[in-house]
Amino acid sequence: MLKALIFDVDGTLADTERLGHRVAFNLTFAAFGLNWDWDETLYGELLAVTGGRERIKHFINGYQPEIPSVITDDLTAFIETLHAAKNRQYAKLVETGRIPARPGVIRLITEAKAVGLRLAIATTTKLENVEALFAAAFPKQMLSWFEVIATDESVQNKKPAADIYQHVLEKMQLSAQECLAFEDSENGLRSAFSAGIPTLITINDYTEKQNFSGALVVINHLGEPQQPLTCLSEKSWPDFTIVDVAALETLYKAYSAE
Ligand code: XBP
Ligand code: MG
């Protein structure tokens with residue numbers, strides 16, 4: 001029986017990578033006197049590495065052989081400082097209200113809560129970033145509906161490792177087969193899939209070409225009555241134009257019967 005929905009945040013609940021994190025990284029680099037510019041194409045590549053700190057380190061190692069002279073500190077400490085500044089910048093951007101929830105997200109969470117499905121979050125980013133996003137783009141109190149909010153601090157190994165989803169399952173005392181996960185990226189899918197959780201993918205521009213084999217279904221977004229979804233995977237999507245609880249139950253029944 002389907003008991004819980006587990007949501008990724010970045011790219012799934014909102015287009016935070018494109019409109020938030022990437023912009024915040026660049027503003028922070030400039031503020032620190034670094035002439036680094038993560039354009040959309042480069043950022044798309046860098047997203048292969050989850051975690052902001054890890055992404056900066058990967059960039060320095062792989063794309064920036066010369067360590068900039070402004071980095072006089074221990075590199076790890078510098079990255080930590082830079083990353084913390086980027087997250088302050090991110091919160092400021094989010095507060096302006098420029099990053100809305102993706103289509104269907106608020107509608108589905110509201111309906112799921114109303115019918116008693118349990119809710120959780122499994123994200124690689126920090127709790128402060130999740131709180132900033134919910135405060136700006138979601139109905140009041142909605143974040144409190146999530147009984148587990150697993151973030152950057154919750155586990156050691158980030159996605160694509162299964163750890164974050166296993167952590168959520170443990171906290172909720174649920175088996176993987178009693179849940180559905182919502183993700184937007186291959187790293188996210190690998191993480192949820194490795195924990196055994198059937199996963200729906202809502203792609204975005206950064207992730208549309210990624211490998212989503214193993215996903216329950218791949219769609220463009222969750223859909224709204226005036227903005228029907230498109231199914232992109234070969235597996236057939238039940239005859240619904242939006243992802244609502246009825247659609248999830250139908251999909252889940254088909255999955256359970258497989
Ligand atoms: C999100 C991430 C994060 C964000 C930036 O992945 O990889 O690193 O890009 O946030 P997912 P931080 O959506 O799979 O959780 O800078 O706080 O890491
Ligand atoms: Mg994501």
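The values are calculated or read from the model by the stated rules, or taken from the named source; none is laboratory data. Please read these numbers as outputs of a predicted model, since none were measured by experiment. Cβ placement follows ideal geometry from the backbone for every residue including glycine, while neighbour counts extend to all protein chains displayed. Each accessible area value is taken on the protein alone, full model and side chains, heavy atoms only, with ligands, DNA and RNA left out. Shrake-Rupley method; radii C 1.70, N 1.55, O 1.52, S 1.80 Å.
Listed values, structure above:
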quantity	calculated
Lone qualifier among K158, K171 - being open to solvent by 20 Å² or more (accessible area, probe 1.4 Å), in contact (Cβ under 8 Å) with a residue 40 or more places away in the chain and more than 30 Å from T96 (Cβ to Cβ)	K171
Failed item, numbered, when G104 is tested on (1) within 16 Å of ligand 1 (Cβ to nearest atom); (2) buried (at least 19 other Cβ atoms within 10 Å of the Cβ)	(1)
Identity of the residue in the stretch 1-17, more than 7 Å from ligand 1 (Cβ to nearest atom) and within 24 Å of L174 (Cβ to Cβ), that ends up surrounded by the most Cβ atoms within 10 Å (Cβ to Cβ)	I6
Checklist (1) in contact with a His (Cβ under 9 Å, 6 or more places away or on another chain); (2) surrounded by fewer than 19 Cβ atoms within 10 Å (Cβ to Cβ) applied to E249, failing item	(1)
Scan of the stretch 114-136 for residues that are under 30 Å from Q156 (Cα atoms), outside any strand (DSSP E or B) and over 15 Å from the mean Cα position of the chain (by Cα), ordered by number	L117, A135, A136
Selection status of A181, closer than 30 Å to A257 by Cα, of a type in the set (A, V, I, L, M) and part of a loop (DSSP other than H, G, I, E, B)	no
Filter result (within 23 Å of P100 (Cα to Cα) and either assigned to a strand (DSSP E or B) or open to solvent by 20 Å² or more (accessible area, probe 1.4 Å) (or both)) within the stretch 200-220	L200, I201, T202, I203, D205, Y206, E208, V218, I219, N220
Single condition E80 does not satisfy, out of (1) open to solvent by 40 Å² or more (accessible area, probe 1.4 Å); (2) more than 30 Å from D244 (Cβ to Cβ); (3) at pLDDT 95 or above	(3)
One residue from G20, G44, G33 being more than 8 Å from ligand 1 (Cβ to nearest atom) and open to solvent by less than 10 Å² (accessible area, probe 1.4 Å)	G20
Identity of the residue in the stretch 14-37, among the charged types (D, E, K, R) and assigned to a helix (DSSP H, G or I), that ends up farthest from K126 (Cα to Cα)	R18
Subset of the stretch 192-225 [touching a helix residue (DSSP H, G or I) at 6+ places or on another chain (Cβ under 6 Å), closer than 12 Å to D8 by Cα and of a type in the set (S, T, Y)]	T199
Which numbered condition R98 fails, given (1) open to solvent by 50 Å² or more (accessible area, probe 1.4 Å); (2) farther than 18 Å from G11 by Cβ; (3) not in a helix (DSSP H, G or I)	(2)
